[in-house]
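Taking it in order: structure first as structure tokens, then the write-up.
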């Protein structure tokens, strides 16, 4: 009954529901069938332990959870990670992005300890819409050191939704790869007739490799209609060791987060006002020529969700501001001479926006939703003079991006059609207008290394305008209670980013500082780039037992063709405006190179497979089950050659055991060799590897203990998407003498034990 109730009334919590009166209202509105309403109401009452008053028929709950989810029809290839699954991972990771590991179709670009970059079906972070508590956050860094998921600590994540490939138009533009929606836990209110609800959580963890530790606290107080929440966290780590026991330098970090939320509930309305601060005192980057020396962000957002007789509304507004600093930290200093080299780089970023959406039922069970969305991003990227390093870095401040502006406004409409109990569809249309601009620039001085490039850039028009149209279509067919099929098509667009358009310096030093891919190469922008247009088709088949309780299997093959995919060409190639590196830059295959962003057509294809099954169960020994996730993606340019950083075939196989409040798991991770590399970037290959991990946890009342052992065999391996290892040597100039050498991959984490303790109250 619970599972059926979830299908017809998705906003009902497993443990509590907001109100029976609301349930009856929605039943009347959406189903208009009295027997079904009575059944749903009875199920809710049983599940929530509701008692009725004989005098006024008032319903009393211990506590009320108000959910923020929409009743949006989702692709069956989407993955929703609930709080229970996230709790299992918190002690093992400090990086919020790593909560996404073992999600079908998702891989991670390596970066600093709290700043991994998500990739969906081979399309990287710029092509994936990442939304944190309703906020669109653009990385304020030439090297993507502060991606969106770094702005929320893993301890404050209540749910994650991953939409791979086919993303509804209502979930935003700039999402040709998919969308990742991250939210804090839903607000919990005291039940009717209850005075005060006080709850919270305290947690701490320790990981042996890197001597990492941290903790978090969450505290809330609420009555029937108002709630206040406060969360804080702290994590830090030293450099970790690889499987050979060698130190992997520039992997240390420290991260701090604070957030507060004030929530109001009345009738069928919810208002949440949230604000907070993120502070990273330092974070090493083994695949960058710079390290993060300070990052501070403040944010505020307002969310309102309402339910009315005619439908539902959602409105959100947000503001975020970032102060970001980079420099060359100790691990990268040229120690033989004892000379300390500093090169400060500063970025100021700002994001603000809103989203308005209405959802209106019509024609029985169909739903029509429409809305408007706006996102404004500002980047000011400048490098203060450094006369102590070289006269070339003085006397002026180097302006990399001068007040870059990227404003996107969008309008969308979406129709969910429920034709029969077996067949439903979704069709969405979206229009976006994106205006991008930046001011004039100058270098450290008027030398030949800077002035000609600055003059050429300033002589061009910097303003760009893009008008794009998105279309998504889904057809879901459920012929019986053991199978489901889905076909999807999406036409999605992405306008270029500020860092793809406006970095202008072709001298080796500024090109090396604009290294967002972590591959050690040098990059320069291209103000003439046009928008990417991706056409994606996918087919998902899912099979399970009749009760969907013992086993399930799901497979999704997909194909994406991207017109004007923003890739790179080597400087000196036809169509480029840079000649850095000379003739050798066009032919070399064993060193770092200099690149300019260029549009090329490309195609990607692959398959995601996942499944789980119960193996054995009895009262004495508990329940044994297994789960697996497999993914493969391949990407090529239509003019020949591979796309960069394609995750090779990978598989995760886990054996689970559960006995009462005790849970255990043994996990095998297999990653194939990365042989299909991009020659334009001189991308390096990596070997295949197998990792074994084990974990256990025990829950006693409100206390949870987690213990785990990662990389049990202390395997030496190299992460396929970690980038080039330049974290142990000075490397301001990619091809200069005494710089970090080409051809080294970043070694993964050696054996590590972790312990986590969490207490609810």
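Take region 73-103 and flag every residue that is in a loop (DSSP other than H, G, I, E, B), touching a residue at least 60 places away in the same chain (Cβ under 8 Å) and farther than 30 Å from residue 602 by Cα. Once the filter is applied, which keeps residues that are in a loop (DSSP other than H, G, I, E, B), touching a residue at least 60 places away in the same chain (Cβ under 8 Å) and farther than 30 Å from residue 602 by Cα, region 73-103 yields 82, 91, 92, 93, 94. Among residues that are under 30 Å from residue 77 (Cα atoms) and in contact with a strand residue (DSSP E or B) (Cβ under 7 Å, 6 or more places away or on another chain), residue 506 is not included. Within region 104-126, identify whether any single residue is at pLDDT 90 or above, in a helix (DSSP H, G or I) and within 28 Å of residue 289 (Cβ to Cβ), and answer yes or no. Checked against the condition, which is being at pLDDT 90 or above, in a helix (DSSP H, G or I) and within 28 Å of residue 289 (Cβ to Cβ), region 104-126 yields no hits at all. Taking the listed residues 219, 204, 212, the one that is under 18 Å from residue 92 (Cβ atoms) and surrounded by fewer than 19 Cβ atoms within 10 Å (Cβ to Cβ) is 204, with no other qualifying. The set of residues from region 562-595 being crowded, with 20+ Cβ neighbours inside 10 Å and in a strand (DSSP E or B) comprises 562, 565, 566, 567, 568, 570, 594, 595.
Kindly establish whether residue 435 is assigned to a strand (DSSP E or B), in the same structural domain as residue 378 (by TED's automatic domain parsing) and under 27 Å from the mean Cα position of the chain (by Cα). Steps first, please.
Numbers: assigned to a strand (DSSP E or B): yes; in the same structural domain as residue 378 (by TED's automatic domain parsing): yes; under 27 Å from the mean Cα position of the chain (by Cα): yes.
When the stated conditions are applied, residue 435 passes them.
One line per residue, one yes/no per condition, for (1) over 30 Å from residue 320 (Cα atoms); (2) touching a helix residue (DSSP H, G or I) at 6+ places or on another chain (Cβ under 7 Å); (3) in a strand (DSSP E or B):
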| residue | (1), (2), (3) |
| --- | --- |
| 372 | no, no, yes |
| 375 | no, no, yes |
| 380 | no, no, yes |
| 385 | no, yes, no |
| 388 | yes, no, no |
| 392 | yes, no, no |
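The values are calculated or read from the model by the stated rules, or taken from the named source; none is laboratory data. Treat the numbers as computed from the prediction; the structure is a model and nothing was measured. Note that each Cβ is placed from the backbone with ideal geometry, even for glycine, and that neighbours are counted across all protein chains shown.
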